[in-house]
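**Student:** One structure, pasted below without further comment.
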Amino acid sequence: MELLETSALALARAIAKGELSAREVALAHLARIDTCEPHLHAFRHVAAEQALAAADHVDAQRSRGEPLGPLAGVPIGLKDIFVTQGLPTTCGSKILAEWRPPYASTHARRLAAAGAVVLGKLAMDEFAMGSSNENTPFEPVRNPWGCTPNPRGPWASDYVPGGSSGGSAAAVAARQCVLALGTDTGGSVRQPASLCNLVGLKPTYGRISRFGMVAFASSLDHCGTLSRCVADAALALQVLAGHDPLDASSLRDAVPDYLAATARASAGLVGTRIGVHADALRLPGLDAEVRRAFEQSLAVLRAAGAELVDIALPHFEHAVATYYVLCTAEASSNLARYDGTRFGLRVARDSLLDTYAATRHAGFGAEVARRILLGTFVLRADSYDRYYGRAMKVRTLIARDYAAAFERCDAIASPTSPLPGFRLGDKLDDPLAMYLSDVFTIGANLAGLPAISIPAGFSTPSETRPRLPIGLHLIAPRLAEPELLRIAAVHEAATPWHREVPPCP
Ligand code: GLN
């Protein structure tokens, strides 16, 4: 188990020194996948052959004395939204089930250049729409922390891993891979990180390219990372960040040394101001255990020297509604390309229009269809001003609220998710309840700000609920990732939570 507990940073160092071979690291993780997958369903596709070839390449480079990349030999999984050459990319949808992309995403290319070993593609909500991984035509992913003894054996978990990057979170939590990439449009990296006791980082909009990430809502979509410690998030960001000429929204700003920022954690937080948004804590539906863990986290930050200041975000209550108008509008436009003509599923009918309709009817699931309909409605000529235009204005007000808050603090703290986790099926009939999962995370997407979720404790186990992870959420000003990672690293160094291992054997 020890090898499986090692961080990406330590693995890369051990492989570079020759203390471990990339092949033995890959084999250990592939064996773990064999053990867990029948129960967890985190992988859509395991790429054992390609992974071993990549590992052997790293070992050969080392034996020739060539320099190794920063992630050389580190086993990583990619959410099945990242376009990969030679591996399927389904985006969790029947409409892309048979698609074999002719090119690779910037992320896949940068990871390969850094020596990372891609173990496969990870399950997700269809087109990244969801908070539980249940919006899928495939087997839903289970949360490794939700294992409860029952007649089906100690492996069975009835709990969702969060979403939409739930496969990425479950795989890292269950030690099937060391790092995983996810995407975060409204919280899809941070909410599953919170539900699976992981570090989930979503950087500033434009910091990591979107080229080769299947589009959901382009102005909100971000690539993010899932890892078991803050230093690994910094390491992955170091590899992925930086200008990409293939993405027009990619930033040209120089990439700072993120790992150095996490190493400064020992200096504590004297002089750092943490903004606490008290209104958010009055949210109806906020779980009492989440509130308790949050208060404990604030005490940890204060003990490290941080000053806590009250801040106001006057338009906070409108964030979820604003997000659902904008993300559905953008999705309705982005998903228009799946019409059976150029790629993906095609259900041929006599006329072109009937072919479009039959293909889309057969290919899209209920949540995707709901969002396309809603998005088409808010963009209609007679409702544009009332919905889309107004939501764009509120988005600006929300971004201004953050700018004003950051005059008074260096980062804003809140819980990540209002609930520690929920059972499969619990929220399926109530899309609105599901949408509220992202109430704390959506603002950072609307404003394009860097944000992170880190392990912050566990719920008390009871007869109705197992011991489930709880996350702390931090948002920082634009491009303040070093500061965000430093604060997260201080909290991590002062708490034991990230070292806990889930109960799945
Ligand atoms: N849960 C949110 C939604 O369903 C966010 C999804 C995401 O970040 N990709 O849209």
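**Student:** Using only Cα positions of the stretch 174-251, each an equal point scatterer, no hydration layer, compute I(q)/I(0) via Debye at q = 0.12, 0.16, 0.19, 0.20 Å⁻¹ and quote the log10 values to two decimals.
**Tutor:** Log10 I(q)/I(0), no solvent term: -0.31, -0.55, -0.76, -0.83.
**Student:** Under the 0.36 nm per residue contour assumption, what length would be gained going from the current alpha-carbon distance of ARG302 and LEU3 to full extension?
**Tutor:** Gain in length upon complete extension: 104.2 nm.
**Student:** Here's a follow-up. May I ask you to derive the FRET efficiency for ARG423 and ASP279 from their Cβ-Cβ distance with R0 = 25 Å, giving the value to the nearest 0.05?
**Tutor:** 0.30
**Student:** Report ³J(HN,Hα) in whole Hz for each residue of the stretch 76-85, in order, from the Karplus equation J = 6.51 cos²θ - 1.76 cosθ + 1.60 where θ = phi - 60°; Gly and Pro get x.
**Tutor:** 9, x, 10, 3, 6, 9, 8, 6, 10, 7
**Student:** Here's something else I'd like to know. P(r) tail for the stretch 291-333, what percent of Cα pairs lie past 12 Å?
**Tutor:** Numbers: 654 of 903 pairs.
That fraction is 72 percent.
**Student:** According to the square roots a ≥ b ≥ c of the eigenvalues of the Cα gyration tensor, what is the shape class of the stretch 397-504, taking rounded for a/c under 1.5, prolate for a/b larger than b/c otherwise, and oblate for the remainder?
**Tutor:** The shape class here is oblate.
**Student:** For SER266 and ALA48 in one chain, what is 0.36 nm times their gap in residues minus the Cα-Cα distance, to one decimal in nm? Before the final figure, lay out the partial values.
**Tutor:** Details: separation 218, 0.36 × 218 = 78.48 nm, distance 3.95 nm.
Extra length available between SER266 and ALA48 comes to 74.5 nm.
**Student:** What is the diffusion coefficient of the stretch 355-407 in µm²/s, taking the Kirkwood radius over Cα pairs and the Stokes-Einstein relation at 4 °C with a viscosity of 1.567 mPa s?
**Tutor:** 96 µm²/s
**Student:** Something else now. Using 7 Å Cα-to-Cβ label points, what is the ASP310/LEU353 separation (nm, one decimal)?
**Tutor:** Result: 6.0 nm between the two label points.
**Student:** Quick one: 3J(HN,Hα) in Hz for the stretch 36-45, Karplus 6.51/-1.76/1.60 with θ = phi - 60°, rounded, Gly and Pro as x.
**Tutor:** 8, 3, x, 10, 8, 6, 7, 9, 8, 7
**Student:** Regarding the chain, what's the average projected area of the Cα-atom convex hull, expressed in nm²?
**Tutor:** 23.0 nm²
**Student:** Where a ≥ b ≥ c are the square roots of the eigenvalues of the C-alpha gyration tensor, would you call the stretch 265-379 rounded, which needs a/c under 1.5, or, failing that, prolate if a/b is larger than b/c, or oblate?
**Tutor:** In terms of gyration-tensor shape, prolate.
**Student:** Just to be sure I understand the model, the point goes 7 Å from the Cα along the line to the Cβ. What's the resulting THR35 to GLU463 distance in nm?
**Tutor:** The two pseudo-label positions are separated by 3.4 nm.
**Student:** On to the next question. Put a dot 7 Å past each Cα toward the Cβ at ARG100 and PHE377; how far apart are the dots in nm?
**Tutor:** About 4.1 nm, to one decimal.
Every number in this text was worked out from the coordinates using simple rules, so none of it is lab data. Remember, predicted model here, so these are calculated numbers, not experimental data. Here Cβ is always computed from backbone atoms with ideal geometry, including for glycine, and neighbour counts include all displayed protein chains.
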